[in-house]
Amino acid sequence: MALEFHDVGYSYGTAPILTGVTLTAAAGQVTCLLGASGSGKTTLLRLAAGVLAMQSGRLCLDGDILATGRSSPPPERRPIGLLFQEGALFPHMTVAENIVYGLDPRGDHGSIVAELLEQVGLPGFARRYPHTLSGGQQQRVALARALAPNPRVLLMDEPFASIDMVLRRSLRETVREVLAQRDCVALLVTHDPLEAMMMSDHIAVMEAGRIVQADTPDRLYDAPATLGVARMIGGGTELEGMCVGGLIRTAFGDWSVRSEKVTDGPVRVIVREAPMELRATEEGGAIVTDRRTLGLDVILTLKAPGGERLRVLHPRVKSVPVGDRVLAMPETRAVHLFPPESDLISD
Ligand SMILES: Nc1ncnc2c1ncn2[C@@H]1O[C@H](COP(=O)(O)OP(=O)(O)OP(=O)(O)O)[C@@H](O)[C@H]1O
C-alpha cells in the first residue's frame, strides 16, 4: 500500500506554491516532508488531507485515485487520520469521548479506547478531561483519536513542535512504536532535520515548492543531490576549492575525492564535522585555534592562512593542542562537492 503524489501543482491566487511534486509514501514506513519555512510542506499535506482542493496532478492510494484537479473529496471522505501541532481536543469531552469522536456512535468502543490508551502510554486516563493533562499527554490523546478509526493514512504536521524537548523524545518514540504495529502510510511534516532523521524511514527534502531529493536518511547524508540537501542533512563547514585532476585544492590541504558532479575548476566543498586525520606540519597547513570538549570527542577549530575556518571532530585522547600547525585529511566520504554557482554560506 502507498500514497502517491503525481505531478502535483498548487497556487494560492497567482502565486505558484507547489510545482511538479511526485512522491510515494509507502505503508509501514514514516515518510517525512522536510524543508525550510515556506517550502510548501504544509500545503502538500493539506492537499493529501483534502483540507485544500487539488488543482493539478493526481493523488492515489493503493493505486486508486483519491483526488485530482477535477475531483477532490473533503477530509471526512478520505481514509485518513490527522495530527497537528496542537492536538485540539474537545475540552468539554473526556479523553475516551475525544478518542471515539470519529467512530460510529452506536458502537461500544471501550476496548478500542483501552487498547489505544495503552499504546500511547496513558492507561487509566479514559475519564480525565483535557485540561487536566500536560501538553505531551494531550498530544498522545490526539494521536489515539487520529488512529481510532484505523486510518490507512496518518498525516502529521509538526506534531511535536509545542512539546518541550525532554518529552518530545519519548513522544517521538511512542509514535514510532505505535506506527510499527500498523500497516498505514505515515506522512510527517517537519522543518527540523534531526526530527526527520529520528522519525523517518524516507525523507523528501523540499525547496521552493519542489522535492529536490527523496531518499533514506543514510542516502541523503552520504549522497546529497544539492548543497541545500547537504546543509539540511548533516551540514558541515563550507569552503571554496579548486578541482584539478581528481584532487581538490583547499585552504586546508589537497584532498583526493570522487565526484561526478563537478569538472575541473572552482567548486563548493562541504566538509562534514567528522573525525579526520590531522598531520603535524612545520609549514603551511592550518593552526588549531580552539578546542571544545563534547565528551569522548573534542571539536577543534582550524584556521587557514587566508582566515578560513574548519571544524573537526577528534577523539579527545588524540587531541591536538591549540596552537599546533596541521594538515587536515578528511575521509573521502566526509567531503561533498557542488558546482561553484551553489551559493556559499560561511560561518
Ligand atoms: N492561505 C494562503 N494564502 C496565500 N499564501 C499562502 C497561504 N498559505 C500558505 N501560503 C504561502 O505558501 C507558501 C508555502 O506555505 P506552506 O505553509 O505550505 O510552507 P511550509 O513549508 O509548511 O512552511 P512552515 O514550515 O512555515 O509551515 C508560503 O510562501 C506561504 O506564505
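From Arg249, Arg292, Arg268, grab the single residue that is touching a residue at least 60 places away in the same chain (Cβ under 8 Å) and of a type in the set (Lys, Arg).
Answer to the selection: Arg268.
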Segments classed as strands (runs of 3 or more DSSP E), wholly inside segment 279-347, with at least 2 members that are farther than 13 Å from Glu238 by Cα and open to solvent by less than 90 Å² (accessible area, probe 1.4 Å): 286-293, 297-303, 309-315, 325-329
Considering residues of segment 33-58 that are surrounded by fewer than 22 Cβ atoms within 10 Å (Cβ to Cβ) and hydrophobic (A, V, I, L, M, F, W, C) only, the residue farthest from His191 (Cα to Cα): Ala53
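Of the residues Val8, Val100, Val30, Val21, only one is more than 13 Å from the ligand (Cβ to nearest atom), under 20 Å from Ala204 (Cα atoms) and either surrounded by 14 or more Cβ atoms within 10 Å (Cβ to Cβ) or outside the structural domain of Leu143 (by the TED database) (or both); which? Steps first, answer last, please.
Working: Val8 fails: more than 13 Å from the ligand (Cβ to nearest atom); Val100 fails: under 20 Å from Ala204 (Cα atoms); Val21 fails: more than 13 Å from the ligand (Cβ to nearest atom).
Exactly one of Val8, Val100, Val30, Val21 is more than 13 Å from the ligand (Cβ to nearest atom), under 20 Å from Ala204 (Cα atoms) and either surrounded by 14 or more Cβ atoms within 10 Å (Cβ to Cβ) or outside the structural domain of Leu143 (by the TED database) (or both), namely Val30.
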Odd one out for Gly69 among (1) within 23 Å of Ala208 (Cβ to Cβ); (2) surrounded by 16 or more Cβ atoms within 10 Å (Cβ to Cβ); (3) more than 15 Å from the ligand (Cβ to nearest atom): (2)
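Could you check segment 226-247 and list, in sequence order, the residues that are open to solvent by 50 Å² or more (accessible area, probe 1.4 Å) and hydrophobic (A, V, I, L, M, F, W, C)?
Selection gives Met242, Val244, Leu247.
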Selected residue (criterion: most open to solvent (accessible area, probe 1.4 Å)) from residues of segment 198-211 that are among the aliphatic types (A, V, I, L, M) and under 25 Å from Cys184 (Cα atoms): Met198
Residues satisfying the stated conditions in segment 25-75, i.e. assigned to a helix (DSSP H, G or I) and either under 22 Å from Asp192 (Cβ atoms) or aliphatic (A, V, I, L, M) (or both): Lys41, Thr42, Thr43, Leu44, Leu45, Arg46, Leu47, Ala48, Ala49
Segment 255-276, residues that are open to solvent by 30 Å² or more (accessible area, probe 1.4 Å), of a type outside the set (Lys, Arg) and modelled with pLDDT under 90: Ser256, Ser259, Glu260, Thr263, Asp264, Pro275
In segment 52-76, the residues that are out of contact with any helix residue (DSSP H, G or I) (no Cβ under 6 Å at 6 or more places or on another chain) and of a type in the set (A, V, I, L, M): Ala53, Leu59, Leu61, Ile65, Leu66, Ala67
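Open to solvent by 50 Å² or more (accessible area, probe 1.4 Å), among the basic types (Lys, Arg) and away from the ligand (no atom under 16 Å from the Cβ): is that true of Arg219 in this structure?
Taking the combined requirement at face value, the residue satisfies it.
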Residues located in segment 107-143, provided they are in a helix (DSSP H, G or I), open to solvent by 70 Å² or more (accessible area, probe 1.4 Å) and of a type in the set (Gly, Ala, Ser): Ser111
Filter result for Leu59 (closer than 24 Å to Leu171 by Cβ and more than 15 Å from the ligand (Cβ to nearest atom)): no
Top-ranked residue of segment 147-169 - restricted to ones that are in contact (Cβ under 8 Å) with a residue 40 or more places away in the chain and open to solvent by 40 Å² or more (accessible area, probe 1.4 Å), ranked as nearest to the ligand (Cβ to nearest atom): Ala161
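Touching a residue at least 60 places away in the same chain (Cβ under 8 Å), over 25 Å from Gln138 (Cβ atoms) and buried (at least 19 other Cβ atoms within 10 Å of the Cβ): does that describe Leu82?
Here the answer is no, as Leu82 does not meet what is asked.
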Conditions (1) aromatic (Phe, Trp, Tyr); (2) open to solvent by 10 Å² or more (accessible area, probe 1.4 Å); (3) outside the structural domain of Glu207 (by the TED database): number failed by Phe252: (2)
Cross-chain or 6+ apart pairs with Cβ under 6 Å, segment 28-47 first and over 15 Å from Thr216 (Cα atoms), then more than 6 Å from the ligand (Cβ to nearest atom) and open to solvent by 40 Å² or more (accessible area, probe 1.4 Å): Ser39/Glu207
Scope segment 136-160; condition β-branched (Val, Ile, Thr) and over 18 Å from Cys184 (Cβ atoms); matching residues: Val141
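The values are calculated or read from the model by the stated rules, or taken from the named source; none is laboratory data. Keep in mind that what you see is a predicted model, and the values were worked out from it rather than measured. Note that each Cβ is placed from the backbone with ideal geometry, even for glycine, and that neighbours are counted across all protein chains shown. These accessible areas exclude ligands, DNA and RNA; they are computed on the full protein's heavy atoms, side chains included. Shrake-Rupley method; radii C 1.70, N 1.55, O 1.52, S 1.80 Å.
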